1. What are the residues in region 263-280 that are part of a loop (DSSP other than H, G, I, E, B) and either surrounded by 22 or more Cβ atoms within 10 Å (Cβ to Cβ) or of a type in the set (Phe, Trp, Tyr) (or both), if any?
2. Does region 538-558 contain at least one residue that is at positive phi and open to solvent by 30 Å² or more (accessible area, probe 1.4 Å)?
3. Inside region 511-528, can you point out the residues that are touching a residue at least 24 places away in the same chain (Cβ under 8 Å) and either closer than 27 Å to PHE67 by Cβ or hydroxyl-bearing (Ser, Thr, Tyr) (or both)?
4. Report yes if some residue within region 735-756 is more than 30 Å from SER610 (Cα to Cα) and either not assigned by the TED database to the domain that holds GLY643 or not in a helix (DSSP H, G or I) (or both); otherwise report no.
5. Output the residue which, of all residues in region 4-31 that are of a type in the set (D, E, K, R) and touching a residue at least 12 places away in the same chain (Cβ under 8 Å), is most open to solvent (accessible area, probe 1.4 Å).
6. For ASP624, indicate whether it is without any contact (Cβ under 8 Å) to a residue 24 or more places away in the chain, assigned by the TED database to the domain that holds ARG586 and not small (Gly, Ala, Ser).
Amino acid sequence: MTLATALLEIGYTIEVYSLKDGPAHTIWKEIGVSVSIITISHKDVPVVDWLNYDGILLNSLEAKDVFSCFMQEPLNSIPLIWTVHEAALAIRSKQYASAWQIDLLNDWKNLFNRATVVVFPTYALPMIYSAFDAGNYYVIPGSPAKAWEAESMMAFYKDDLRAKMGYGTDGFVIAVVGSEFLYRGLWLEHALVLQSLSPLCAVDNLNSNLKILILSGHSTNNYSAAVEAIALKLKYPRGAVKHISTDGDAEGVLSIADIVVYGSFLEEKSFPQILVKAMCFGKLVIAPDLSMIKKYVDDRVNGYLFPKENIKVLPQIILRATSKGKLSPLSSNVASLARETAKNLMVSETIDGYALLLQKVLKLPSEVSCPKEVSEIPSKYKKEWSWHLVKDFLNSTYENKSLRSYRFLEKVEEQWNNTQKVSSDFTNATDDSYLFDFWAEERYSEMVDSRRRREEEELKDRTEQPHEKWEDLYRKAKRAGLLRDQLHERDVGELERAGQPLCIYEPYFGEGTWPFLHLNSLYRGIGLSSEGRRQWTDDIDAPSRLLLLNNPYYRDTLGEYGAFFAIANRVDQIHKHAWIGFQSWRTTARQASLSRIAEKSLLDSIESGSLGDTLYFWVRMDMDPRNRLRQDFWSFCDVINAGNCKFAFSETLKKMYGFKKDLDSLPSMPEDGDTWSVMHSWVLPTRSFLEFVMFSRMFVDALDAQMYDDHYQTGRCYLSLSKDKHCYSRLLELLINVWAYHSARGMVYINPVTGMMQEQHTVNNRRGKMWIQWFTYSTLKSMDEDLAEEADSDHPRRRWLWPSTGEVVWQGVLEREKEQRALQKERRNQRRKERISRMKARRKYPVIGRYVKPPPLEDKENLNSTMDTISPPLEDKENSNSTMDTISPPLEDMENSNPTMDTIKATK
């Protein structure tokens, strides 16, 4: 809250999202910050358009539940600053490695890698989290967490802790603390401190009740034994010196101590956290005069300092600070001042550190006014934390933050274990019964399908079928297969959209946009990248329809404009409706998409045809958050394009139309009280859409020609204040208005909630203001054909964007295709004629007679006797001979007839 107040003062706008509602909700509203409560289950993600924000600040490890949406496109490019206060995960990660929970460990590592910057409030935490280091660690020292914990603990532990911990009320306890870092000379420093404090054992008021507690990170029994051995060597009474690990009840030790001695001589970059906590407990602090400690502790004002080269003065300082075995009134006053100092320690460093970090990390768009410099933050915001805002519930409850972190990690581990268990159960089921059931069901399905096909074939044979040529059937089957391969759509989607006059396409990129896409038949998704497509829908794969979108540079630069080019490329194969529309997924995220009532109103207006060739849109420029001053068209375009929209538009038109002289003016977009369309949410007749794409292809080509070289090499373009991979997109977002206005199209705003329609910029009021001769279909068509002829005939070798944004069609291409089809037909006819001629010229061989086997001998005798019986009388025989002589042919003829006679004889 303190940081937010300071950032608001220098020009930042802040919104708060919380996973849980609580008393801080009201406080955020008091300082002018809106709060939204988001509920996230194990599998769901918050439906929030995070692209509305220039940066995101996450606080604590519990922000893990929100990280899933920031890992997906296009939300993975948002600057993310994650502040981690807890050390619980670093300690727990050692158990993950030993228990072979590698996937859970890698999951946390991916989160640390996703963050743009991971901020730690101390220099010890980055060392503890070294296993997760992705090169993005940053330390901003300072946090009110220790002071808050101390205040809450003191209010919670109202009873006498000394009695609970076994120390009498009349004892004098000195706590020796040190650095958070563990190093080899730590035991030597403890020995020197014990040696310097040994003269206190001879003091009458302290010798019997003196207790020295050494707090350090060593939790082994060997170190405790070593400390006790050193104490005995220095002639301390048995039990007077005790070692306690900081993993134990360190807060309890500090709360019962009378004096806290800082016994480390290591120069650190920030004020020691253990001293902050001790000062917040109201304890008198005695520390060496190290540079970081002297910066915040004034000797004898809010603490005591001793020379680090002369540790022997330490007992003298303690004796001056005590009186009759207790702290003197002066020392008590010093301790109370130290408490106030520690409560507001390093506020200025924290605020300046975050403000400088935001300046380096955030990439502000051109329509955003830059915040003030860090030096201009008023000093009153840097003096103290905003304790007055939380005073009502500061001491109401006490919750150990470490325990809360461990509970959260246990919850994460439980969810992860349940996921692993479900996965293993599924695998086990697959190994035995699941496979059997699967194959049984598969065999039954195959049997049913074969029976159905057999019945259909039988019924087909009984019905009269029309006869077609084989070439026609083959051509139709091939065309159907090609169409299905190119459409990539499912039968259900085709049937749902059949008969509709309109289809609205929703371009998207990445899984992060899926929650904002519609699923009813009026809408259809078009994925700008094949990797982030929804697999269970009939979404269009834009890169397969337009190869240019496989290039990441143009996919990012064109943005949603790439979807326009992909749909227009052979539009009849994918879009079979009279009207076409587009809606940005960000429109749905802003809750500005068409309602059911508005959809019905739009369809009724289209079917009635009362408004004719009209551009319908439902996102207004005057209501856009980027246009809070409600500027006119060109001023708004300049604002979102770093002040260079007019210049870029003028230069592009000159190159597009081939003007050699300077263009003195731009197409007029008058301020007549009406509004314009933004965010690519509009509807057009399909025929007009193709005309708009024809104009857009030439405009984008001319724009790319003047910006590509510098933008591709450096990442900078004059339409943005910083490096921006979406350079062209903001200028192209407004191009539909220029084309619709100057091509005399109707422009109608439809209220996305009520469906009420209101015409904008009526055609009658535009007369004399439109550049119709530049935007007529005949002009654009002739320019398009000229470009197509150049690309098809000349084949220029220069880098040229226009041929890659769609089809290259001109009269020469059509004639060549017609000639090719005629040539192919002629070749087919020639091959058919040659086949027929070969069949006619084929040699025909004579028929060879069949050989008949003669009868057996006995059958031959029987045949002779029968012939004798049948033979005629002699006179008849003679007569028959004369007759035969008459009938018999000449000799030469008989010779020629021998083959026939042989056949007859063989037959006989």
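1. Within region 263-280, GLY263, SER264, PHE265, PHE271, PRO272 meet the criteria.
2. no
3. Across region 511-528, the qualifying residues are GLU511, GLY512, THR513, PRO515, PHE516, LEU517, HIS518, SER521, TYR523, LEU528.
4. Looking for residues that are more than 30 Å from SER610 (Cα to Cα) and either not assigned by the TED database to the domain that holds GLY643 or not in a helix (DSSP H, G or I) (or both), one finds none in region 735-756, hence no.
5. My answer is LYS20.
6. no
Conditions (1) in contact (Cβ under 8 Å) with a residue 40 or more places away in the chain; (2) outside the structural domain of ARG590 (by the TED database); (3) touching a Leu at 6+ places or on another chain (Cβ under 8 Å), marked per residue:
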{"site": "ARG628", "(1), (2), (3)": "no, no, no"}
{"site": "CYS637", "(1), (2), (3)": "yes, no, yes"}
{"site": "ILE640", "(1), (2), (3)": "yes, no, no"}
{"site": "LYS646", "(1), (2), (3)": "no, no, yes"}
{"site": "TYR657", "(1), (2), (3)": "yes, no, no"}
{"site": "SER668", "(1), (2), (3)": "yes, no, no"}
{"site": "PRO685", "(1), (2), (3)": "yes, no, no"}
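This table checks each residue for (1) among the β-branched types (Val, Ile, Thr); (2) out of contact with any His (no Cβ under 9 Å at 6 or more places or on another chain); (3) in a helix (DSSP H, G or I); (4) at positive phi.
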{"site": "VAL261", "(1), (2), (3), (4)": "yes, yes, no, no"}
{"site": "GLY282", "(1), (2), (3), (4)": "no, yes, no, yes"}
{"site": "LEU305", "(1), (2), (3), (4)": "no, yes, no, no"}
{"site": "ARG320", "(1), (2), (3), (4)": "no, yes, yes, no"}
{"site": "GLU340", "(1), (2), (3), (4)": "no, yes, yes, no"}
{"site": "ILE351", "(1), (2), (3), (4)": "yes, yes, yes, no"}
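The values are calculated or read from the model by the stated rules, or taken from the named source; none is laboratory data. Because the structure is a prediction, the values reported are computed rather than measured. Reconstructed Cβ throughout: ideal geometry from the backbone, glycine too, with neighbour counts over all protein chains shown. The accessibility values were calculated without ligands, DNA or RNA, using every heavy atom of the protein model including side chains. Shrake-Rupley method; radii C 1.70, N 1.55, O 1.52, S 1.80 Å.
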